[in-house]
Structure formats: structure tokens, C-alpha cells
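Presented below is the structure to which this report refers.
Just so it is clear, none of the values below were taken in a lab; they were calculated from the coordinates. Source: prediction; values computed, not measured. Heads up, the Cβs are rebuilt from the backbone with ideal geometry, glycines too, and the neighbour counts pull from every protein chain shown.
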Amino acid sequence: MVDLHCHILPNMDDGAKSIDESIQILKMQEEQNFERIVATPHFYIQKESLDRFLKRRTDCLDKLCKDSQILDIMLFFKLGAEVFYSEDLVNLDLKKLCIEKTNYLLLELPTDYKPLGLEEFLYELQIKGITPIIAHVERYRYAMQNMDLVYDWVSNGCLIQVNAGSIVNSKTMRKNILKLINSNLVHVIATDAHNTDRRKPLMDEAMKILKKKVSIAKMAELRKNSVDIFDGKSIDIKDIKKPKKSILGL
């Protein structure tokens, strides 16, 4: 399996706080049959220059890979980023933040409000040859209250990622995720792992839950999508449909 979203680089962001914690997270991922992962530390344009971020990211990976404990872990790494949306991003060379050797960019949005200019930004990304992957869509209140937004994003070429932890830990988020999956509006499930406790990798538990709710073919498709994105291949967006709304719009 492939994990396209995790925060395992030591002392890089709010993820792993030490090399030892990074190693423990990686061992958890390996135990859950991951073979390849993308390290996706947070990038905030308002807090740090692109060049500084890229150097820190490389330095953190170098430190991790030089630790003797890493020799026992059979995982292949790629670098990426979880890029927080800002209108100022248009001024950067965003291909440097894409998943390594691909044109896929993991994009994080504000949780409580839909930002102005988002659709224009998503369009500009694709004009530049970059495919946005919208991270953990189930956490955006406005998108879950109006899932037509998610439909529109996918209709316009975006991919959608959800967190394994959301499937395991929140019945409301699980319900929304299943609604999106059944409408062919989810393309990737990832761990978004940050540590070994509250935000640890939960893919095994998530897959056990989904196996009872989702077809074998859909499960295989979600796994294949992650592999293809890691390899830089195109994703086949299936026939999508607008999710049915509940009385509460959730």
C-alpha cells in the first residue's frame, strides 16, 4: 500500500517531534503493509519562504535516513507537502511542492470557511499542469454541509483525499465519507499520521470498517489510485454524482 499523506519528518512541523517518534510511526505503517509513503509536512506561505521550507524538508529527511534504526524499515520515501491555501501561492513555483516526480499537489483548505478565489486558484493550478488533491475534505464544514462543492471540485479536475482516522474515530465523518465514496467523489484514503498516540496511522482499522460498507472493486480502486498517484500516473475519474442531502445537510 501507499500512504500519500503523513507527517513523519522529525521536528519539521506538528508531526513527529523526534527521530525516535518518526521511526515508531514508520514501524506502525510498515506493520499495516505500507510499502511506500510520501512525507507531506505543512507548508504555510505566510510563515516561511519556499526555499527555506525545501531546505528544512531535505535536512529532516537526511537526518532520518542516517539514523541506524531506519535500516530495519523497508519503506520507500518520496517528498511532498501539505500546502495550506493562500491567494499568494500563485506567485510560487508550486511544482516544487508537488509529490516528488509527479504533478500532484496536496492542498489543505481552511476548515470553517470557503476561501475567496479558490475556484480560480484551482483552475490556475491545472493550467500549469498541476492536479490538486484536496486533503481531508471531511474536515471542511462548508463542504460537508454543501457536498455539491465537492462534486464541483471533482468535475473540474480535482482529486479528493480523506483520512483513515476520520473513518475510525468519527461516526459523522464516516457517514459523510461513505456518502462521498458512493458518489465516486473520493480518490485516496491516507493516514495523515502525526504521532504514535492521538494521530497515529489507522489504515488497518479504517479498511476493516470500509470492507463492510464498500464493494471490493471500490476498495481496489482506492488502493490503485494511491499507487498511480505515487508513480505520477493519471487517475481515471469514474462517473460522479451529486450526493443526496440529509435533512440537516450533512
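What size of dipole, in debye to the nearest 20, comes out for the stretch 9-131 about its Cα centre when the only charges are +1 on Lys and Arg C-beta atoms and -1 on Asp and Glu C-beta atoms?
On the way: 16 positive and 23 negative charges, 80 e Å.
Approximately 380 debye in magnitude.
Starting with the highest mean, order 196-203, 115-122 by the number of other Cβ atoms within 10 Å, averaged over the residues of each peptide.
Working: 196-203: 17.4, 115-122: 14.2.
Per-residue mean Cβ counts within 10 Å order the peptides as 196-203, 115-122.
On the first, second and third principal axes, largest extent first, how far apart are the outermost C-alpha atoms of the stretch 43-115 in Å?
44, 23, 22
Among the lysines, select those whose C-alpha is under 19 Å from the C-alpha of residue 27, and discard any that sit fewer than 8 residues away in the same chain.
Straight-distance partners of residue 27: 17, 63, 66, 78, 200.
Assuming 0.36 nm per residue, please report the length gained on full extension of the stretch residue 33 to residue 239 beyond their Cα-Cα distance.
Values: separation 206, 0.36 × 206 = 74.16 nm, distance 2.98 nm.
The residue 33-residue 239 span can extend by a further 71.2 nm.
Based on a Kirkwood Rh over C-alpha pairs, give the Stokes-Einstein translational diffusion coefficient of the stretch 173-231 at 25 °C and viscosity 0.890 mPa s in µm²/s.
Details: Rh = 12.3 Å.
After rounding, the answer is 199 µm²/s.
Going by amide H atoms built from the backbone, whose H comes under 5 Å of the H on residue 82, apart from near neighbours?
Amide H neighbours of residue 82: 42, 43.
What length, rounded to one decimal in nm, is gained on full extension from residue 54 through to residue 119, with 0.36 nm per residue of separation minus their alpha-carbon distance? Don't jump to the answer; show the numbers that get you there.
On the way: separation 65, 0.36 × 65 = 23.40 nm, distance 2.66 nm.
Gain on extension, residue 54 to residue 119, equals 20.7 nm.
May I ask you to derive the FRET efficiency for residue 112 and residue 219 from their Cβ-Cβ distance with R0 = 35 Å, giving the value to the nearest 0.05? Don't skip to the answer; put the middle values down first.
On the way: r = 32 Å, r/R0 = 0.91.
Between residue 112 and residue 219 the formula returns 0.65.
Starting from the 7 Å offset along Cα-to-Cβ, what nm value, one decimal, do you get for the label separation of residue 70 and residue 152?
Result for the modelled spin labels: 4.3 nm.
Taking the Cβ of residue 69 as the center, what net charge do the other residues with Cβ under 13 Å away carry, scoring Lys and Arg +1 and Asp and Glu -1? Each step should come with its number before you reach the end.
On the way: positive: 27, 63, 66; negative: 20, 21, 30, 67, 72.
Counting the neighbours of residue 69, the net charge comes to -2.
Using alpha-carbon pairs under 8 Å, 6+ residues apart, how would you state the relative contact order of the stretch 124-200 in percent? Walk me through the intermediate numbers first.
On the way: 86 pairs, mean separation 22.1, N = 77.
Worked out over the stretch 124-200, it gives 29 percent.
Debye calculation, C-alpha points only, no solvent: report log10 I(q)/I(0) for the chain at q = 0.07, 0.14 Å⁻¹, in the same order as the q values.
-0.22, -0.91
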